[in-house]
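The structure appears below as structure tokens.
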Amino acid sequence: MILPGHAHTVGPADGRLVDLGIIRMRVLAAGDAVTGRAFTLAEFTGDEGPWSVPHVHRGMEESFFVLDGEFTFRVGDDEVTAGPNSYVLVPRQTPHVLAAGPGGGRCLCLMVPGGHEDMFFELGDLGFDSLRDPEIRAAISARYDSVPV
């Protein structure tokens, strides 16, 4: 964990990158060494279309701050359209999925508590577009708090 009195910085070309097919993840703050797994902050950039399969987190809140583009979020029974400078919080135990509009988009994602980035690292190793493959997601969801619904 970062010691008090010391900054954790990530430059524009820094951070661990993961190519997940339709989206790319750049980790800004995560893990035992940086946040003590208290939270994960990542930037996601991607193409038009759904970025995941509908899923639920039982013990994690996930929130999104839209930087570029327009997104449609399905959160429980609500459908929310969010553009630049919009914020969407997905409470734990709430099914959700997001899709980027024409031209794709970019957003910050805050996951509390942290550790969820490990699922993305594993999915990145499993091949192109594994993030949206329900069978692959179901196979690894037991290890991560991201259960397809």
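The values are calculated or read from the model by the stated rules, or taken from the named source; none is laboratory data. Please read all numbers here as calculations on a predicted model, not as lab measurements. Methodologically, a virtual Cβ is constructed for each residue, glycine included, from the backbone with ideal geometry; neighbour enumeration extends over all protein chains shown.
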- Under the condition of being at pLDDT below 85 and of a type in the set (Val, Ile, Thr), which residue from region 93-146 is farthest from Ala29 (Cα to Cα)? Ile136
- Task: With the condition kept exactly as written, say whether any residue in region 53-66 is surrounded by 15 or more Cβ atoms within 10 Å (Cβ to Cβ) and acidic (Asp, Glu).
- Result: yes
- Query: Taking region 114-148 as the region of interest, how many residues are surrounded by 18 or more Cβ atoms within 10 Å (Cβ to Cβ) and without any contact (Cβ under 8 Å) to a residue 24 or more places away in the chain?
  - Reply: 1
- Message: Test of understanding: among Thr45, Thr9, Thr35, Thr40, which residue is over 25 Å from Ser130 (Cβ atoms), in contact (Cβ under 8 Å) with a residue 40 or more places away in the chain and hydroxyl-bearing (Ser, Thr, Tyr)?
- Response: Thr35
- Message: Gly49 - would you say it is closer than 18 Å to Pro113 by Cα and not polar (S, T, N, Q)?
- Response: no
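Pull up region 9-28, narrow it to residues that are touching a Lys or Arg at 6+ places or on another chain (Cβ under 6 Å) and outside any loop (DSSP other than H, G, I, E, B), then point me to the one that is farthest from Leu41 (Cα to Cα).
Across region 9-28, the extreme among qualifying residues is Leu17.
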- Task: For region 57-69, state whether one or more residues are among the β-branched types (Val, Ile, Thr), touching a Cys at 6+ places or on another chain (Cβ under 9 Å) and more than 24 Å from Ala7 (Cβ to Cβ).
- Result: yes
- Matching residues, region 53-101, being part of a strand (DSSP E or B), on the phi < 0 side of the Ramachandran plot, among the small types (Gly, Ala, Ser) and touching a residue at least 24 places away in the same chain (Cβ under 8 Å): Ser63, Ala99, Ala100, Gly101
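Going residue by residue through region 47-55, is there one that turns out to be more than 17 Å from Arg137 (Cβ to Cβ) and modelled with pLDDT of 95 or more?
yes
Okay, residues lined up against (1) loosely packed, with under 11 Cβ neighbours inside 10 Å; (2) under 18 Å from the mean Cα position of the chain (by Cα); (3) over 23 Å from Pro84 (Cα atoms):
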{"position": "Gly5", "(1), (2), (3)": "yes, no, yes"}
{"position": "Thr9", "(1), (2), (3)": "yes, no, yes"}
{"position": "Pro12", "(1), (2), (3)": "yes, no, no"}
{"position": "Leu17", "(1), (2), (3)": "no, yes, no"}
{"position": "Ile22", "(1), (2), (3)": "no, yes, no"}
{"position": "Gly31", "(1), (2), (3)": "no, yes, yes"}
{"position": "Thr35", "(1), (2), (3)": "no, yes, yes"}
{"position": "Ala38", "(1), (2), (3)": "no, yes, yes"}
{"position": "Phe44", "(1), (2), (3)": "no, yes, no"}
- Message: Condition first: out of contact with any helix residue (DSSP H, G or I) (no Cβ under 9 Å at 6 or more places or on another chain), surrounded by fewer than 18 Cβ atoms within 10 Å (Cβ to Cβ), in a loop (DSSP other than H, G, I, E, B) and in contact (Cβ under 8 Å) with a residue 60 or more places away in the chain. Can you find one or more residues in region 106-113 that meet it?
- Response: yes
